[in-house]
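The values are calculated or read from the model by the stated rules, or taken from the named source; none is laboratory data. As the structure is a computational prediction, the values presented were derived from the model and not from experiment. Note that each Cβ is placed from the backbone with ideal geometry, even for glycine, and that neighbours are counted across all protein chains shown.
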Amino acid sequence: MINKDGIILQPVELTDYPFLVKWGNQRGLVLQSQTKRKTNAREQKEYIAKINKTETRQAFVVFLNDGEKPPRVGICELYNIDHHNRTCFINVYIEDKKNIMAVHGFKILQSLLEYIFYRIGLYKVSVELLLEQGSEITLFKQHDFEIEVRKRKHAFVGGSYKTVVELALSKPKFEKK
Amino acid sequence: MTEVKIELCQIEESEIPLLRDFLNSKHAQNLGFYSAYSAEFLNQNFDMLWKDPNAYCFSIKTQHPGDFKKVVGGFCTIRNINWTARHGELLFIKINKDGNLLSIGECDEAGTAFKMLIDYCFDELNLNKVWIEIFQGYDVGATLDKLGFIAEGVRQFSRQVNAKQISTTIFSLLSEEYRR
């Protein structure tokens with residue numbers, strides 16, 4: 001668990017499953033890991049256990065530490081974790097964009113990046129976003145992410161193929177900042 | 001003069017030792033092939049090669065004129081297939097008799113096998129796009145250009161080879177841009 005600057009990132013538990021389904025399937029926001037709805041309790045349990053066990057994927061629920069009962073505000077996910085090449089991809093989804101993302105977005109991303117670079121010890125982190133997600137791209141650019149690859153027709157969203165941009169940040173650049 | 005026959009066949013269990021040799025060769029490691037299927041992974045989960053619905057693994061078999069025996073001369077894979085967005089990543093490795101790596105444009109056989117793999121993606125799997133990650137130092141840009149591939153960008157320091165972080169270039173080909 002990560003607890004810093006009023007932000008808590010906690011590994012997903014079974015009680016978070018409905019939120020994973022709800023947030024994970026937001027159109028155009030999470031490109032890689034769309035969560036299939038599992039109605040069976042056993043399947044849900046297995047799904048959560050699988051996320052926590054697998055070496056190539058980690059998921060966290062974001063809480064705001066501002067009282068006795070911190071509210072869940074979103075999810076962060078690390079996927080395609082490659083320990084050999086020391087790279088991974090991230091997904092961040094915060095439900096209330098206007099109020100929470102604008103105020104706490106920077107802190108959430110900062111906590112996640114510190115976890116990736118200093119606790120897991122990776123060298124490079126990348127994120128895939130749709131070209132039309134201007135505000136998200138701006139947020140990542142504030143953290144010195146740079147556009148590396150522009151993937152044509154790489155996502156199928158809303159009935160058409162969309163261009164995806166891959167932004168990346170390396171550890172030396174993060175430390176320099 | 002009859003030409004050399006080339007076939008792409010699904011990998012058989014008897015080819016595991018050969019595949020392991022490929023994976024352990026320096027050339028394959030430089031290409032990052034082992035990151036997909038390590039030798040340890042192959043030993044333990046060989047069935048996974050068939051069961052994974054998002055990957056297809058083939059061996060490249062060549063038959064020279066007047067020769068009945070088919071020789072395995074390389075391996076190629078389509079992996080990370082995204083069936084919703086209809087795209088997949090290509091991995092291609094072809095070696096000659098001496099065990100040296102051949103790039104796609106270096107010999108006709110490698111070029112033909114690579115084309116067969118792309119044809120399979122577009123015609124059989126009905127994909128919309130294929131992409132390939134080429135390591136820095138492998139000059140295959142001209143060959144890929146001929147087929148219609150376009151460089152989409154450079155992933156800086158994305159792979160670790162010989163204790164160094166090196167860059168890779170992503171090339172992609174859309175089905176409508178494919179020059180058959």
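For A:L112, the criteria (1) outside any strand (DSSP E or B); (2) farther than 24 Å from B:S158 by Cβ hold in every case but one, which is (2).
Take the residues in the stretch B:115-155 that are charged (D, E, K, R) and in a helix (DSSP H, G or I); name whichever of them is farthest from the other protein chains (Cβ to nearest Cβ).
B:K115
Any idea which of (1) within 18 Å of B:R159 (Cα to Cα); (2) within 14 Å of another protein chain (Cβ to nearest Cβ) is the one A:I90 doesn't satisfy? Just one mismatch for A:I90, condition (2). Each residue in the stretch B:169-179 was checked for being more than 7 Å from chain A (Cβ to nearest Cβ) and free of Cβ contacts under 8 Å to residues at least 40 places away in the same chain, and 4 pass.
Mind checking whether some residue in the stretch A:137-151 is more than 17 Å from B:R155 (Cα to Cα) and charged (D, E, K, R)? Checked the stretch A:137-151: no residue is more than 17 Å from B:R155 (Cα to Cα) and charged (D, E, K, R).
Among the residues in the stretch A:158-165, are any under 18 Å from the mean Cα position of the chain (by Cα), at negative phi and in a strand (DSSP E or B)? Among the residues of the stretch A:158-165, at least one is under 18 Å from the mean Cα position of the chain (by Cα), at negative phi and in a strand (DSSP E or B), which makes the answer yes. Can you confirm whether the stretch A:119-141 contains a residue that is over 22 Å from A:K4 (Cα atoms), modelled with pLDDT of 90 or more, small (G, A, S) and crowded, with 16+ Cβ neighbours inside 10 Å? Looking through the stretch A:119-141, at least one residue is over 22 Å from A:K4 (Cα atoms), modelled with pLDDT of 90 or more, small (G, A, S) and crowded, with 16+ Cβ neighbours inside 10 Å.
Only a single criterion out of (1) of a type in the set (K, R); (2) closer than 29 Å to A:E55 by Cβ; (3) within 11 Å of another protein chain (Cβ to nearest Cβ) is not satisfied by A:K162, namely (2).
Scanning for something β-branched (V, I, T), assigned to a helix (DSSP H, G or I) and more than 9 Å from chain B (Cβ to nearest Cβ), does the stretch A:131-145 turn up at least one residue? Within the stretch A:131-145 (the criterion being β-branched (V, I, T), assigned to a helix (DSSP H, G or I) and more than 9 Å from chain B (Cβ to nearest Cβ)), the answer is yes, since at least one residue qualifies.
Working only within the stretch A:58-72, note down all residues that are among the aliphatic types (A, V, I, L, M) and under 10 Å from A:I8 (Cβ atoms). Within the stretch A:58-72, A:V61, A:V62, A:L64 qualify. Scanning the stretch A:57-83 for residues that are assigned to a loop (DSSP other than H, G, I, E, B) and modelled with pLDDT of 80 or more gives A:R57, A:H83.
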